[in-house]
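So the structure is just underneath, and the comments pick up after that.
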Amino acid sequence: MLSKIKSPADIKNLSHKELSELAAEIRKNIIEVVGKNGGHLASNLGVVELTIALHRVFESPKDAIIWDVSHQCYAHKLLTGRYEEFSTIRTKGGLSGFTNKFESPHDFFINGHASTSVSSALGLLTARKLQGIDGKVIAVIGDGALTGGLAFEGLMHAGQLCKDLIVILNDNQMSIDHNTGSISRYLSRLTMTGKYQSFRYRFDNSISKLPLIGNHIEKFIFRFKRSIKGLFFTDNLFVDFGFEYVGPLDGHNEASLEKVLRRVKNLKRPVVVHVVTKKGKGYSPAENKPEIFHGVGPFQISDGTFEKFDTLSFTEAFSNIILEEAEKNEKIVGITAAMAKGTGLSAFSHKYPSRFFDVGIAEEHAVTFAGGLAQGGALPVVCIYSTFIQRSVDQIIHDISLQKLHAVFMLDRAGAVPNDGATHQGIFDIALFRPVPDIRILSPASAADLRLCFEWALADTNPVIIRYPKLSCPTEIEEFSTPVKEGRGIFIPCSSFVIGGISEESLISKERKILVICTGGIYSEVQKAVRAELLDNGYADIYILRFIKPFDEEYFLSICKNYYGFVFAEDGVYDGGISEYLESILLKNNHSNIKTLCFEDKFYSHGSRNDILEEAGLNSSQIKKAIDEASQS
């Protein structure tokens, strides 16, 4: 059926039996493609019927459907003419794994961060009203994204403006991990009130047996049910914000959803439609372990198993390290923003539950909460992806650095982030935080280096950021265990990579020596380039910028005086980055043979890590080419 659907109009006249078959086909297609490409699985399987109902009732793109985070938009893509391209999702040049306004007129925003949909939808709706443009605007937000403060700012303003905004609350008791906090408990109370659920079931069942009734009677029944609901829910957060509240509804009963949405479509006031869904619906491995199947790599569809890797990732290395340090230091507490598993804190949360805090998708609160903990004598370790720490810039400046509080920030997924695209690249953190006074920024290159950096950060008294990539740790070498000295990096001579047949003496005697200066997150590509240079009878040493801030300029220049040329490789943006700064220092000291490789002033789309680095000019072959050019200058 999917191959025949070119737009949402093609599903308007399908029978309920055909819609059920369509839902099954959508799930099958999503499972097959995600099994091959990786992607967001459980969340997409949970909204299939909801997506069908939305596109049956509303007329996209005249009616705008705004997906919060938009990682659950796969069914939406399949119903809006993108079936033929769907197998390319998350691959270079293929469909985005999120909504993309440049990909389809049915996507209104590029979105990959949580809690934005209500504000974006309200702005779009208000602009349309001002211009006299017809059409409804619907924001679809999950209960996980509802934990973000921005969502509540949007809800409060929407209630104040009293526009006819429709908010679909997709309640699956999950964000990435299981939801925590008072909002989760509140929504559970709404969905688990037995008296109302029992009444609603019996009432709807009785009404369905009556002969066809007119529009006025339908409106009366709708209002009567709302009145009865008021008896059971005397306090309703959404009503207090100025919304009508409808629900909770079974999110997998397409016919029922459609009936309610058609009524809601006629309301002239803001309304919240509370829909209860099951994450991973229709695929038992994802239903049983939705947190595992939230965002996944390729897997075996038959049993849901993943390929096992022998190599240790930076995330896994950190997970092991914090467990060991927490056993020695009871002041250490772990904080995450709905990403215990993704940031490596799951094991910590099980071993030290009283010292673990998942604040929900609320990065700003996570940072300021850490400031309060630090002021109270605790030692907070805040674990957030690089792309999401962007949301807490003010809090790090005002609530941490200005206060001179000792907190450690572990920024996972720094640098190039494969497959998730422009919204998830971790390339801005160095430029964002390097100008902040009193902050320390470290960039380890291996698991051993990460351990030393973390130990140093715990012993320091200032705020410390440690950034590392979504990558397997490289093979350890002796230099990675160099003791940490503030402001200094790790020097790795070319002789550390001596390949059979090349003597260390011949390397030392070479002229025109090149120094490659890199951040830890790009070391894997740099060492490949240096090895390749050795095979071509070339010679380059490596200086890893373990410290991005503070930086020992005198020591750096003492190393650089021995070299003819320099290549910078940084897994961050050039403007405001460490390479731009060090490049200026070299130029002031009469070093002119410099090649600088960084992310340019642009957003980088989805693809593999190598695809992204290649686009930025930062893969190993491009680094080697820069070494060759510096050698020949």
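The values are calculated or read from the model by the stated rules, or taken from the named source; none is laboratory data. These numbers were taken from a predicted model, which means no experiment stands behind them. Virtual Cβ from ideal backbone geometry, glycine too; neighbours counted across all protein chains shown. Areas reflect the complete protein model, heavy atoms only, side chains present, ligands, DNA and RNA absent. Shrake-Rupley method; radii C 1.70, N 1.55, O 1.52, S 1.80 Å.
Structural remarks
- Leading residue by the ranking (modelled with the highest pLDDT) among those in segment 300-318 that are open to solvent by 50 Å² or more (accessible area, probe 1.4 Å) and in contact with a strand residue (DSSP E or B) (Cβ under 6 Å, 6 or more places away or on another chain): 311
- For first residues located in segment 441-463 and open to solvent by 10 Å² or more (accessible area, probe 1.4 Å), partners that are of a type in the set (Val, Ile, Thr) and lie 6+ apart or on another chain with Cβ distances below 7 Å form the pairs 451/321; 452/484; 456/484; 458/408; 462/439.
- Applying the criterion of being under 15 Å from residue 114 (Cα atoms) and of a type in the set (Val, Ile, Thr) to the residues of segment 337-387, the residue that is farthest from the chain's Cα centre (by Cα) is 359.
- Segment 251-262, residues that are open to solvent by 10 Å² or more (accessible area, probe 1.4 Å) and either modelled with pLDDT under 90 or within 16 Å of residue 19 (Cα to Cα) (or both): 252, 253, 254, 255, 256, 258, 259
- Residues located in segment 404-427, provided they are out of contact with any helix residue (DSSP H, G or I) (no Cβ under 6 Å at 6 or more places or on another chain), open to solvent by 20 Å² or more (accessible area, probe 1.4 Å) and not hydroxyl-bearing (Ser, Thr, Tyr): 404, 419, 420, 422
- Failed item in (1) open to solvent by 10 Å² or more (accessible area, probe 1.4 Å); (2) of a type in the set (A, V, I, L, M, F, W, C); (3) not in a strand (DSSP E or B), with residue 597 passing the rest: (3)
Conditions (1) acidic (Asp, Glu); (2) open to solvent by 30 Å² or more (accessible area, probe 1.4 Å); (3) touching a residue at least 12 places away in the same chain (Cβ under 8 Å), marked per residue:
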| site | (1), (2), (3) |
| --- | --- |
| 518 | no, no, yes |
| 572 | no, no, yes |
| 584 | no, yes, no |
| 589 | no, yes, yes |
| 604 | no, no, yes |
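- Residues that are assigned to a loop (DSSP other than H, G, I, E, B) and either aromatic (Phe, Trp, Tyr) or open to solvent by 40 Å² or more (accessible area, probe 1.4 Å) (or both), drawn from segment 100-148: 101, 102, 103, 105, 108, 109, 110, 132, 133, 134
- Only one of the numbered conditions (1) open to solvent by 80 Å² or more (accessible area, probe 1.4 Å); (2) modelled with pLDDT under 85 is not met by residue 241, and that is (1).
- Helices (runs of 4 or more DSSP H) (entirely within segment 1-78) containing at least 2 residues that are aliphatic (A, V, I, L, M), open to solvent by less than 10 Å² (accessible area, probe 1.4 Å) and out of contact with any helix residue (DSSP H, G or I) (no Cβ under 6 Å at 6 or more places or on another chain): 16-37, 48-57
- For the condition among the basic types (Lys, Arg), under 19 Å from residue 380 (Cα atoms) and either open to solvent by 20 Å² or more (accessible area, probe 1.4 Å) or within 30 Å of the chain's Cα centre (by Cα) (or both), residue 434 does not qualify.
- Residue in segment 259-291 that is farthest from residue 340 (Cα to Cα), counting only those that are touching a residue at least 24 places away in the same chain (Cβ under 8 Å) and among the β-branched types (Val, Ile, Thr): 264
- Entry remark, segment 319-360: residues being aliphatic (A, V, I, L, M) and surrounded by fewer than 19 Cβ atoms within 10 Å (Cβ to Cβ) number 2 in total.
- Selection count, segment 284-299, where residues are in a loop (DSSP other than H, G, I, E, B) and crowded, with 21+ Cβ neighbours inside 10 Å: 3
- Selection status of residue 82, in a helix (DSSP H, G or I), under 26 Å from residue 286 (Cα atoms) and basic (Lys, Arg): no
- In segment 348-371, the residues that are part of a strand (DSSP E or B) form Cβ pairs under 7 Å with partners that are open to solvent by 30 Å² or more (accessible area, probe 1.4 Å), at six or more places apart or across chains, as follows: 358/180.
- Evaluating residue 630 against the criteria (1) open to solvent by 20 Å² or more (accessible area, probe 1.4 Å); (2) part of a helix (DSSP H, G or I); (3) more than 30 Å from residue 422 (Cα to Cα) leaves one unmet condition, (1).
- For segment 565-579, the criterion of being at pLDDT 95 or above, assigned to a helix (DSSP H, G or I) and of a type outside the set (Val, Ile, Thr) is met by at least one residue.
- Among the criteria (1) touching a helix residue (DSSP H, G or I) at 6+ places or on another chain (Cβ under 9 Å); (2) within 25 Å of residue 439 (Cα to Cα), the one residue 554 does not fulfil is (1).
- Hits in segment 331-363 (condition: among the polar types (S, T, N, Q) and touching a Phe, Trp or Tyr at 6+ places or on another chain (Cβ under 8 Å)): 336, 343, 349
- The number of residues in segment 437-471 that are in a loop (DSSP other than H, G, I, E, B) and either farther than 16 Å from residue 487 by Cα or of a type in the set (D, E, K, R) (or both) comes to 7.
- Only one entry in 459, 422, 414 is touching a Pro at 6+ places or on another chain (Cβ under 9 Å) and of a type in the set (A, V, I, L, M, F, W, C), namely 414.
- When 280, 334, 295 are screened for being touching a His at 6+ places or on another chain (Cβ under 8 Å), closer than 29 Å to residue 141 by Cα and of a type in the set (Gly, Ala, Ser), only 295 passes.
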